[in-house]
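Asker: Here it is, the structure in full.
Please treat every number below as a calculation from the coordinates, not as lab data. Just so it is clear, the model here is predicted, and its values are computed rather than measured. A quick note on method: Cβ atoms are made from the backbone with ideal geometry, for glycine too, and the neighbour counts reach across all protein chains shown.
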Amino acid sequence: MPRVLIGPLNLLPPSSLAQAEPGGEPVTICNHNGVITAFHGLCPHRSGPLGHGNLDEGRILCPWHAWAFNCETGMLDGNPEIRLQQYSVTVEDGQIYVDLPD
Ligand code: FES
């Protein structure tokens, strides 16, 4: 898996969400209580950019039709069969890196 730089951790304060496109791949990054997670950045409903939504009590809310995903597991509220693809995250020297699929 290629490891890509997302950006500085200090631009992602606790209880915030961001969208990035390293190498053209949409990625949603979440900081929930200091736990950083990353997911494929397009909603499985109609491809809304999840990182432009809101983080509400540990759930990523899609900006288009408000589907809600657990920000630790990527699981859709009320339907565990729908889950965001999750990427491994590391933080080194204040920078966030994500492992993307090949
Ligand atoms: S595109 Fe995300 S809820 Fe519709």
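Asker: Taking amide H positions as placed 1.01 Å from N in the peptide plane, with prolines and chain starts having none, which residues 5 or more places from ASP56, or on another chain, fall under 5 Å of its amide H?
Answerer: Distant-sequence amide H within range of ASP56: LEU61.
Asker: Here is a further query. Over the chain, what relative contact order in percent results from Cα pairs under 8 Å that are six or more residues apart?
Answerer: Relative contact order comes out at 29 percent.
Asker: To continue, here is another question. Order by neighbour count: VAL91, VAL4, fewest other Cβ atoms within 10 Å first, most last.
Answerer: Sorted ascending by nearby Cβ count, the order is VAL91, VAL4.
Asker: Determine the gain in length on full extension of the stretch LEU5-ALA66; use 0.36 nm per residue of separation and subtract their C-alpha separation, reporting nm with one decimal.
Answerer: 19.1 nm
Asker: Modelling each spin label as a point 7 Å along the Cα-to-Cβ direction, I'd like the GLN19/SER88 distance in nm, to one decimal.
Answerer: Going by the 7 Å Cα→Cβ label model, 2.8 nm.
Asker: Classify region 41-99: rounded, prolate or oblate, from the alpha-carbon gyration tensor (a ≥ b ≥ c, eigenvalue square roots; a/c under 1.5 rounded; otherwise prolate if a/b is larger than b/c)?
Answerer: Prolate, since a/c reaches 1.5 and a/b exceeds b/c.
Asker: A follow-up question, please. Under a no-solvent Debye model with one identical scatterer per Cα of the chain, what's log10 I(q)/I(0) at q = 0.16 Å⁻¹?
Answerer: Ignoring solvent entirely, the Cα scatterers give -0.59.
Asker: Next question, about the same structure. In what order do ARG46, ARG83, ARG59 fall by count of nearby beta-carbon atoms within 10 Å, going from fewest to most?
Answerer: In order of increasing Cβ crowding within 10 Å: ARG46, ARG83, ARG59.
Asker: Still on this structure, I have one more. Which of CYS71, CYS43 comes first, and how do the rest follow, when ranked by fewest Cβ neighbours within 10 Å?
Answerer: So the ranking, lowest neighbour count to highest, is CYS43, CYS71.
Asker: Now, a different point. Please state the shape class of region 21-63: rounded when a/c is under 1.5, otherwise prolate if a/b exceeds b/c and oblate if not, all from the C-alpha gyration tensor.
Answerer: oblate
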